[in-house]
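The values are calculated or read from the model by the stated rules, or taken from the named source; none is laboratory data. Predicted model, so just to flag it, every value in this text is computed and none were measured. Neighbour counts run over all protein chains shown; Cβ positions are idealised from the backbone, glycine included.
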Amino acid sequence: MEPTGEIISIGNELLIGHTLDTNSHWLAIQLNRRGWVLQRVTQLRDSLDSIASGVREAVLRKPLVLITLGGLGPTYDDMTLAGIARALHKPLRLNTEALRLVEEHYRRLETRPKLTKYRTKMATLPRGATPLPNPVGTAPGVRMKQSSTTIFSLPGVPSEMKAIFRTSIAPFLTTFGVNRPREFQFKIAGIIESALAPILDEARRAYPGLYFKSHPRGRETGPRPLILLHIYSTRPGSVEEVARAAGHVIQRISGSIRKERL
């Protein structure tokens, strides 16, 4: 069974169009490269009710990994951990290890750092959670477990999110021993997607274990329609199968074009 994941991206700025969710896009690439199946990406407002219900629903779907993005900072609208605590019915507690990480960060910035309530807020985690070091920022990442789902909460600042992913999450993902995906992409010019569809249907029947996806580029009514075809598999020993499937599709397209010209 392929390991599955979900992403919940949190922030009003995403839903009013102020900020583009590049974090989810980057994480989707990382999961795919490691053979994980990303099943859903959800965007939520900075609201306790929205976060709690979103996390609760995600956990009920039982992904092996759930990654939340954003809402770990010191301000009033950073409420991701409070929402997760509500969803999992776990109280928030000041975590001594998280507090040490926060204090260490401010010691690098100030001679006599003060642990104000805004700073200790970033060290207040759901009971049983484990803080993850943030190599480039203040708020620690957080890891916790609910049933069969491991939940990772990461800051929304892209540099911090990527740093914590590389140091704490990527090693966790590799423990599942998933096969890296085998992919083949090529461009097809001079054919529209509706004409390619029956060829792909035939290919899917011939190679049921592979994923075929056509991506139109440009306009069908243009002088030379262009389609990017993607063939994908994570099954062991699928390198040769992907290559055979690509050859199969190319042969059928060539045959179709020759018939049209006769």
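Of all residues in segment 58-74, count the ones that are β-branched (Val, Ile, Thr) and more than 11 Å from PRO155 (Cα to Cα).
Of the residues in that region, 2 qualify.
With respect to THR68, determine if the residue is modelled with pLDDT of 95 or more, hydroxyl-bearing (Ser, Thr, Tyr) and touching a helix residue (DSSP H, G or I) at 6+ places or on another chain (Cβ under 7 Å).
It is true that THR68 is modelled with pLDDT of 95 or more, hydroxyl-bearing (Ser, Thr, Tyr) and touching a helix residue (DSSP H, G or I) at 6+ places or on another chain (Cβ under 7 Å).
Within segment 205-216, which residues are loosely packed, with under 14 Cβ neighbours inside 10 Å, over 12 Å from LEU229 (Cα atoms) and either hydrophobic (A, V, I, L, M, F, W, C) or in contact with a strand residue (DSSP E or B) (Cβ under 8 Å, 6 or more places away or on another chain) (or both)?
If the condition is that a residue be loosely packed, with under 14 Cβ neighbours inside 10 Å, over 12 Å from LEU229 (Cα atoms) and either hydrophobic (A, V, I, L, M, F, W, C) or in contact with a strand residue (DSSP E or B) (Cβ under 8 Å, 6 or more places away or on another chain) (or both), then ALA206, GLY209 are the ones that fit.
Tell me which residues, restricted to segment 93-115, are touching a Ser or Thr at 6+ places or on another chain (Cβ under 7 Å) and of a type in the set (A, V, I, L, M).
LEU94, LEU99, VAL102
Step by step: first the residues of segment 155-175, then only those that are touching a residue at least 60 places away in the same chain (Cβ under 8 Å) and aliphatic (A, V, I, L, M), then the one that is nearest to LEU101 (Cα to Cα). Which residue is that?
MET161
How many residues, within segment 41-68, are in a strand (DSSP E or B) and of a type in the set (Val, Ile, Thr)? Spell out how you get there, then give the answer.
In the first step, residues of segment 41-68 are kept if they are in a strand (DSSP E or B); the result is 41-44, 65-68.
Next, only the ones that are of a type in the set (Val, Ile, Thr) stay: 41-42, 65, 67-68.
Final tally of qualifying residues: 5.
When the residues of segment 176-189 are narrowed to those that are in a strand (DSSP E or B) and either without any contact (Cβ under 8 Å) to a residue 40 or more places away in the chain or not aliphatic (A, V, I, L, M) (or both), which ends up farthest from GLY209 (Cα to Cα)?
That would be ALA189.
VAL102 is checked against (1) closer than 24 Å to LEU173 by Cα; (2) in contact with a Pro (Cβ under 8 Å, 6 or more places away or on another chain); (3) among the hydrophobic types (A, V, I, L, M, F, W, C) and fails just one. What number does that condition carry?
(1)
Would you check which residues across segment 75-131 are within 18 Å of GLY156 (Cβ to Cβ), in a loop (DSSP other than H, G, I, E, B) and of a type in the set (Val, Ile, Thr) and list them?
Selection gives THR75 alone.
Per-residue answers, yes or no, for (1) within 18 Å of LEU154 (Cβ to Cβ); (2) among the acidic types (Asp, Glu); (3) modelled with pLDDT of 95 or more; (4) exposed (fewer than 14 other Cβ atoms within 10 Å of the Cβ):
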{"position": "GLY5", "(1), (2), (3), (4)": "yes, no, yes, no"}
{"position": "ILE8", "(1), (2), (3), (4)": "yes, no, yes, no"}
{"position": "GLY17", "(1), (2), (3), (4)": "no, no, yes, yes"}
{"position": "GLN30", "(1), (2), (3), (4)": "yes, no, yes, no"}
{"position": "TRP36", "(1), (2), (3), (4)": "yes, no, no, no"}
{"position": "LEU48", "(1), (2), (3), (4)": "no, no, yes, no"}
{"position": "ILE51", "(1), (2), (3), (4)": "yes, no, yes, no"}
{"position": "ARG56", "(1), (2), (3), (4)": "no, no, yes, no"}
